[in-house]
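Below you'll find the structure, written out as structure tokens, and then a few comments.
The values are calculated or read from the model by the stated rules, or taken from the named source; none is laboratory data. Bear in mind that the values here come from a model prediction, so they are computed numbers and not experimental data. Note that we place each Cβ from the backbone using ideal geometry, even for glycine, and neighbour counts take in every protein chain shown. These area figures cover heavy atoms from the full protein model, side chains too; ligands, DNA and RNA do not enter into them. Shrake-Rupley method; radii C 1.70, N 1.55, O 1.52, S 1.80 Å.
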Amino acid sequence: MPERVIPLADQRYAAAVPRVPEHPAAPSGLLADQLGRPLRDLRISVTDRCNFRCGYCMPKEVFDKNYAFLPHSSLLSFEEITRTARLFIAHGVRKLRLTGGEPLLRKNVEELVAQLSALRTPDGAPLDLTLTTNGSLLARKAQALKDAGLQRVTVSLDALDDAVFRRMNDVDFPVDDVLRSIERAMQVGLGPVKINMVVKRGTNDHEIVRMARHFRGTGAVLRFIEYMDVGASNGWRMDEVLPSKEVIARLQSEFALEPMQPQSEGETAQRWRYADGQGEIGVISSVTQAFCRDCNRARLSTEGKLFLCLFATRGHDLRALLRGGFSDEQIAAAIAPIWQRRDDRYSELRSAMPREQGADAAAPKRVEMHYIGG
Ligand code: SF4
């Protein structure tokens with residue numbers, strides 16, 4: 001039976017309802033896609049809303065007061081998210097990352113953390129449970145998240161200069177509040193805290209060395225992320241990308257750095273340590289050094305659509321199955337072929353595509369990052 005594409009209330013992204021096999025096979029935990037990549041990491045967006053308007057993700061002129069965010073009724077409930085996570089764990093997932101939008105805007109999100117932290121792998125091990133936040137609400141919530149079972153946090157911070165930071169978040173949010181949140185997260189033991197800085201040439205690249213100096217020796221791991229052409233709204237241009245090679249060169253002019261081995265399969269960051277033992281930094285180079293070859297990440301949108309790549313243009317509607325009376329076995333069996341057919345490697349192919357976002361008006365729109373998480 002051919003797959004049906006159901007135009008959901010949210011027309012933004014087409015999503016096929018997966019076919020449920022007549023004889024569902026039990027998950028083996030060894031799923032591999034067309035490039036032999038296992039399914040290990042599930043990123044779960046718990047809200048499409050955010051209280052920041054970072055230009056590289058949710059530019060204010062697009063995500064303005066008239067923007068129709070998803071109604072609460074269309075969001076997956078905490079129970080539906082936990083059920084879905086359990087099915088992905090049976091397929092081999094070992095890491096869960098909560099994202100958004102801004103995940104701490106989702107009411108009582110610590111209850112979801114408690115549900116997810118109780119999950120176990122088939123051999124009884126806990127999952128690696130982490131969360132990415134802009135830090136605006138973290139100081140208040142850090143202890144409750146830790147108590148609920150969250151292990152680590154990643155905080156986005158694009159500058160130390162208050163004026164630059166306020167300009168980049170575009171809601172005039174002060175940098176000191178985020179720095180206080182990072183400190184609080186460390187205090188309650190949500191470390192090692194990772195700090196993500198999106199580097200945009202001509203906007204905040206002059207802050208690279210200052211950020212490194214600030215976080216050196218603190219135990220936090222600062223990562224420099226190349227500015228990406230995610231979604232269809234940020235007006236991305238290649239000449240605003242500062243290649244990671246240049247970031248490292250700037251840092252090496254100040255600090256002795258040594259390359260490190262990856263910590264886990266599918267790790268996105270290239271790691272470097274300070275030769276004097278003051279900790280480590282990382283670079284995430286999706287534009288100039290694609291890492292699709294061992295990308296083991298799937299993404300679940302806020303209302304239950306499964307996306308197989310950050311740069312996808314269409315998803316798979318799992319919510320229809322979750323709310324359609326199908327059993328866990330049936331839904332798990334419907335998920336398997338989706339991953340097995342996966343051949344996404346957008347970043348590898350990017351260099352063969354038009355340089356400027358939107359250059360090919362006919363091309364289907366890429367999913368927005370606030371909707372499926374970074
Ligand atoms: S571009 Fe897609 S396939 Fe490549 S690393 Fe990113 S998410 Fe994975």
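Remarks
- Radius 14 Å from Cβ of Val164, net charge of other residues (Lys, Arg +1; Asp, Glu -1): -3
- Each of Glu348, Glu329 has its accessible area taken with a 1.4 Å probe; listed largest first, they run Glu329, Glu348.
- Of Val113, Gly135, Ser233, farthest towards positive along the dipole that unit charges on Lys, Arg, Asp, Glu beta carbons give the chain: Val113
- Pairwise centroid distance, computed over Cα atoms, of the range 296-343 with the range 32-85, Å: 13
- Protein accessible area in the chain, 1.4 Å probe - carbon and sulfur %: 51
- For the range 130-253, the dipole from Cβ point charges (+1 on Lys and Arg, -1 on Asp and Glu) about the Cα centre works out to 460 debye, to the nearest 20.
- 1.4 Å probe accessible area per residue over the range 41-372, in Å²: 40
- Quotient of the Cα radius of gyration of the range 229-290 and 2.2 N^0.38 Å, N being its number of residues: 1.30.
- Ellipsoid equivalent to the chain - semi-axes via the Cα gyration tensor, in Å: 32, 23, 21
- Farthest toward the positive end of the dipole of the chain, out of Ala269, Ala125, Ala363, is the Cα of Ala125, where the dipole comes from beta carbon charges about the Cα centre.
- Choice from Ala16, Ala363, Ala333 showing the highest fluctuation, given a GNM over the chain with Cα pairs closer than 10 Å: Ala363
- Net charge dipole size for the range 41-372 [Lys, Arg +1 and Asp, Glu -1 on Cβ; Debye, nearest 20]: 340
- Span from the the range 97-133 Cα centroid across to the the range 207-281 one, whole angstrom: 26
- Residues Lys146, Lys65, Lys194, Lys107, sorted by accessible area with the largest first, give Lys65, Lys107, Lys146, Lys194 [1.4 Å probe; ligands and nucleic acids excluded].
- Distance violations [Cα-Cα > 28 Å] among Lys60/Lys245; Lys200/Lys305; Lys107/Lys305: Lys60/Lys245; Lys200/Lys305
- Selected from Ala336, Thr218, Leu104, residue furthest toward positive end of dipole (the chain; charges at beta carbon): Ala336
- Per residue of the chain, the DSSP helices (runs of n ≥ 4 H) give a summed -39500 (n - 2.57) that works out to -7500 deg cm²/dmol at 222 nm.
- Solvent-accessible area of Glu254, all protein chains in place: 90 Å² (probe radius 1.4 Å, heavy atoms, ligands and nucleic acids excluded).
- Counted by Cβ distance under 14 Å from Phe215, the other residues give a net charge of +1, where Lys and Arg count +1 and Asp and Glu count -1.
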